[in-house]
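Read the structure below first, then the notes.
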Amino acid sequence: MASAANNNYFLSLLSSGMLETAAEKLSSYFTSSQSATVNIAVIGKSGSGQSAFIDALQGTPDTDAGTAPTQRTHQFPNNDAVIVSELPGLGSSKFRAGVASGSLQFHRHDLFIVLTSRRFKKKDSRLAGEMEQGNEKFYFVQNQVDRELDRAKRWQSCFYLESRFLENLRNACVEGLGKGGMESPRVFLVSSRNPDKFDFGRLLEALEADLPAQKRRAFLLALPNITRCVIERKKAMLLEDVWKLAALSATAALIPIPGLSIACDIALLAQHLSSYRKVFNLDEGSLARLAKRAGKTAEHLRAAVTSTFGQRVSEGIIIDELNKATGLKIQLSKVLKLVPFVGQVSAVILSYTTVNHMLNTAVEGMAEDAKRVLDKSLQEEREKDIDSISSDPLFAM
Ligand SMILES: Nc1nc2c(ncn2[C@@H]2O[C@H](COP(=O)(O)OP(=O)(O)OP(=O)(O)O)[C@@H](O)[C@H]2O)c(=O)[nH]1
Ligand SMILES: [Mg+2]
C-alpha cells in the first residue's frame, strides 16, 4: 500500500536521524501542493445555462442566473486557486472575434466545457474538433436535461421511460458530434438544477482524471459535495496527506506543549484541520451556501454535523483530542519494536503516531458528517422522486 511505503520512507529518514531534512521535505511538499491553479473555461451561448451550471459546479446559490452575458471569471468559494471563466458560444460572432484577436486566451485554460441546452450542431462540433487538434481537453455537456425529461414525460405519457429517453438523447449527441468530425466525443447530460442526478458526477470525475496530480488535488478539494462519491474521493485524497502532516507537525516542534506529553506543532494542525473542515463543506459559509441551494436552513443541516472537528477546530480542542487518543500504546509499542529508537527520535515517533491517529479519526469523522449533511440536503428531493415513481403508470400495481 502506498501509505505504508510512505510511512516506511519517513521512518527510514528518522532512523538516519535526519529530522531537519524530513521537516524540510514535508514542508516544501505542502507549499507546492497548495500552489497549483486550475482554469476551466465554460463555452456556451446565452441562455444555455452557463450561470446556473457554474453555480452548480461551485455549489453557490443562484446568484447571477439570468444576468447579461459577459466574459466573467468566477473563483471557487472555498479555494481561489480554481477559476471558471465564461466564454461565448462556439461559432458565435463573439467567439470568432475572440479567437481572431486572441482575447479568449485558450492556452490559459486547463479544461474546456462546451455547454448547450439543445443537441450539438454539426458546425459546433467541427469547430471544437479543430480546436481539439491543439490538444485542448473538451467535454460536451447538454444542460437542462430535467426540462427535456419533463417535456418528454408530457408528450410520451405512459410510453415514457427515463433511461431509454436519456440513452437516445446521449446517442443523438454523440452521433451529431461524430458527423461533425469528432471521433469519440465525451458527452454528459446534466441538470444544473439537480447536480446530484444524471451525469454531473461522472463529468466531475472525468475533469478530475484529466488533470495532472497537483491540479487534480486542488480541483477535487475545491468541489462542493455534490455526491457521496465526491466525498469519498476527497477523503481518500486527504488521508494520503495525513501521515505527512503528522510527520511534519512532529519534526517541526521539539518542545512539549504544556498539558500534553508530546511535542508537536499545534498551530500547523489547527490550520490544516480548519482547511479539512472547508474541504468537507462543514464550515459556516459552506453550510449557508448549501442551505440556500437546497431551500433549507443552515441549522437544519448543521444538526447532522456530529464529529468533534466537524463542529469546531481550535488549538484547545486539538490538545484535548491528542490527550484522548486511544489504543496508542499498542500501536506505538509495535512501531518501537520494529525501530528501536532512543531519545529525541523516539519522542518524535511518539508524537507522530499520536497525531497520525488523531488526524485519521478527524478525516473519517468529517467525511461521515459530510455524507449526513448531503443526505439531509437531498431528503425532500428524494421523497419527491419516490412519490413521482409511485405515481408513474409504468410502476403502478
Ligand atoms: N430546469 C432547468 N433550468 C435551468 C437549468 N440551467 C439553467 N436553467 C434556467 O435557464 C435560464 C437561463 O439560465 P442561465 O444560467 O441564466 O443562462 P446563461 O447562459 O447564463 O444566460 P445569460 O447569462 O443570459 O447568457 C434560467 O432561468 C435558469 O434558471 C437546468 O439545468 N434546468
Ligand atoms: Mg449568465
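The values are calculated or read from the model by the stated rules, or taken from the named source; none is laboratory data. All figures in this text were calculated on a predicted structure; none of them were measured in a lab. Positions of Cβ are backbone-derived with ideal geometry, glycine not excepted, and every protein chain shown enters the neighbour counts.
I want to confirm something. Restricting to the range 244-296 and keeping residues that are touching a residue at least 12 places away in the same chain (Cβ under 8 Å) and among the β-branched types (Val, Ile, Thr), which single residue is nearest to Ser351 (Cα to Cα)?
Looking at residues that are touching a residue at least 12 places away in the same chain (Cβ under 8 Å) and among the β-branched types (Val, Ile, Thr), I get Ile262.
With of a type in the set (A, V, I, L, M), in contact (Cβ under 8 Å) with a residue 40 or more places away in the chain, surrounded by fewer than 19 Cβ atoms within 10 Å (Cβ to Cβ) and not in a strand (DSSP E or B) as the only criterion, which of Ala128, Ala97, Ala172 stands out?
Ala172
With Gly181, Gly201 as the choices, which residue is out of contact with any Ser or Thr (no Cβ under 6 Å at 6 or more places or on another chain) and either within 25 Å of Gly91 (Cβ to Cβ) or assigned to a helix (DSSP H, G or I) (or both)?
Of the residues listed, the single one that is out of contact with any Ser or Thr (no Cβ under 6 Å at 6 or more places or on another chain) and either within 25 Å of Gly91 (Cβ to Cβ) or assigned to a helix (DSSP H, G or I) (or both) is Gly181.
From the residues in the range 30-47 that are touching a Lys or Arg at 6+ places or on another chain (Cβ under 8 Å) and small (Gly, Ala, Ser), which one is surrounded by the most Cβ atoms within 10 Å (Cβ to Cβ)?
Across the range 30-47, the extreme among qualifying residues is Ala36.
Residues that are closer than 10 Å to Ile43 by Cβ, away from ligand 2 (no atom under 16 Å from the Cβ) and assigned by TED's automatic domain parsing to the domain that holds Glu208: does the range 71-79 have at least one?
Within the range 71-79, none of the residues are closer than 10 Å to Ile43 by Cβ, away from ligand 2 (no atom under 16 Å from the Cβ) and assigned by TED's automatic domain parsing to the domain that holds Glu208.
Looking at the range 95-130 only, could you name the residues that are basic (Lys, Arg) and closer than 24 Å to Asp146 by Cβ?
Answer for the range 95-130, where residues must be basic (Lys, Arg) and closer than 24 Å to Asp146 by Cβ: Arg118, Arg119, Lys121.
Please specify each residue of the range 253-277 satisfying the condition of being in a helix (DSSP H, G or I) and crowded, with 18+ Cβ neighbours inside 10 Å.
Ile266, Leu269, His272, Leu273, Tyr276, Arg277
Only one of these is touching a residue at least 24 places away in the same chain (Cβ under 8 Å), within 16 Å of ligand 2 (Cβ to nearest atom) and either surrounded by 20 or more Cβ atoms within 10 Å (Cβ to Cβ) or within 20 Å of Ala52 (Cβ to Cβ) (or both): Leu111, Leu87. Name it.
On inspection, the qualifying residue turns out to be Leu87.
What's the number of the condition Asp196 fails, among (1) farther than 23 Å from Leu287 by Cα; (2) within 16 Å of the chain's Cα centre (by Cα); (3) assigned to a loop (DSSP other than H, G, I, E, B)?
(1)
If Cys229 satisfies all but one of (1) surrounded by 19 or more Cβ atoms within 10 Å (Cβ to Cβ); (2) touching an Asp or Glu at 6+ places or on another chain (Cβ under 8 Å); (3) assigned to a helix (DSSP H, G or I), what's the number of the condition it fails?
All conditions pass for Cys229, except number (1).
Looking at the range 235-257, which of its residues are at pLDDT 90 or above and over 15 Å from Ser27 (Cβ atoms)?
Matches in the range 235-257: Lys235, Ala236, Met237, Leu238, Leu239, Glu240, Val242.
Any chance the range 294-305 includes a residue that's at pLDDT below 95 and assigned to a helix (DSSP H, G or I)?
Checked the range 294-305: at least one residue is at pLDDT below 95 and assigned to a helix (DSSP H, G or I).
Glu148 versus (1) under 30 Å from Leu290 (Cα atoms); (2) in contact (Cβ under 8 Å) with a residue 60 or more places away in the chain: which is the lone unmet condition?
Among (1) under 30 Å from Leu290 (Cα atoms); (2) in contact (Cβ under 8 Å) with a residue 60 or more places away in the chain, the lone unmet condition for Glu148 is (2).
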